[in-house]
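The values are calculated or read from the model by the stated rules, or taken from the named source; none is laboratory data. Nothing here was measured: the structure is a model prediction, and the numbers come from that model. Here the Cβ positions follow ideal geometry from the backbone for every residue, glycine too, while neighbour counts run over all protein chains shown. Ligands, DNA and RNA are stripped out before the accessible areas are found, and what is left, the full protein with its side chains, is counted by its heavy atoms. Shrake-Rupley method; radii C 1.70, N 1.55, O 1.52, S 1.80 Å.
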Amino acid sequence: MCGRFSLKANPNELTEAFPGFELPADFAPRYNIAPTQPVAVIANNGQNKIELFHWGLIPSWAQDTSIGSRMINARAETLAVKPAFRAAYKRRRCLVLADGFYEWQKQPGNKLKTPMYIQLKSGQPFGFAGLWELWQPAEAEPLLSCAAQALSCAAQVLSCAAQVLSCAIITTTPNALMKKIHDRMPVILQPQDYALWLDPAEQPADKLGKLLKPYPAAQMEAFAVSRLVNDPKNDSAECIAPAK
């Protein structure tokens, strides 16, 4: 799975890696991005800009937003058949922007797993293959039996977000580097594949499936980092510093 990642690149690096997409005005580097937090996304919605989406996909048919915390990842092998992902796979694809991610490696004879930071050897930012959805609450049914019921209904409606843009990161089988760390890895797309992935037109599953493969291990590196990353409240450069 992919449960934490970073996007510490500066605006110039992001503009170079993703030309033609407008950056958010309040963009700031992140070192320990966790599920349910806002993440930088390029969606195939024709906006041509980098937007902030909720990390944890909320299907349009969900009764509430709580399901999103269980939908941070989507397995590449089952996208076309899983009810939560199959519609988005056809029509609502995105890049989730990152420049590294974390995974926890089991150590022989040690109950504590070692946090590992994985990045491209170039250090450049990249795009995870992702899916996105737009969720909004169903309209409340009119309750006219008494004033108390009407007030209760109004309070419930006001407590709901008007709409939520959310996303999930697609995972696949590990490459040779990741096999030593975990049995899954996020799909990192090649820049030449961004255009197809972001095409707003519906695409056949077999065509898209060819993109959802492990990234070449020879172009990646991994190293142990501090257990500071275990706590999502920690979000500083110390999280990605090699462990001593």
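What the table below lists for this structure:
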quantity: Alpha-carbon radius of gyration plus Dmax, which is the widest Cα pair, for the chain in Å; calculated: 19.4, 68
quantity: Sequence ranges 184-193, 221-230, 168-177, ranked by mean other-Cβ count within 10 angstrom, highest first; calculated: 168-177, 184-193, 221-230
quantity: Net +/- balance of residues flanking Thr173 in space, Cβ distance below 11 Å, scoring K and R +1, D and E -1; calculated: +2
quantity: 27 Å Cα cut-off, lysine pairs counted over the stretch 1-136 (separation 8 or more, or different chains); calculated: 9
quantity: FRET efficiency, 1/(1 + (r/R0)^6) with R0 30 Å, evaluated for Asp183 and Leu134 via beta carbons; calculated: 0.40
quantity: The stretch 1-43, Rg to Rh (Cα coordinates; Rh as Kirkwood inverse mean 1/r); calculated: 0.96
quantity: Where N is the number of residues in the stretch 1-123, Cα Rg divided by 2.2 N^0.38 Å; calculated: 1.18
quantity: Virtual spin-label span in nm between Gln105 and Leu23, 7 Å along Cα→Cβ; calculated: 3.2 nm
quantity: FRET efficiency, 1/(1 + (r/R0)^6) with R0 30 Å, evaluated for Asp231 and Ser60 via beta carbons; calculated: 0.35
quantity: Peptides ranked, highest mean first, by Cβ atoms within 10 Å: ranges 116-126, 205-215; calculated: 116-126, 205-215
quantity: Kirkwood hydrodynamic radius over Cα pairs of the stretch 159-236, then Stokes diffusion coefficient at 25 °C and 0.890 mPa s, in µm²/s; calculated: 156 µm²/s
quantity: With every protein chain in place, the chain: carbon and sulfur % of accessible area (1.4 Å); calculated: 55 percent
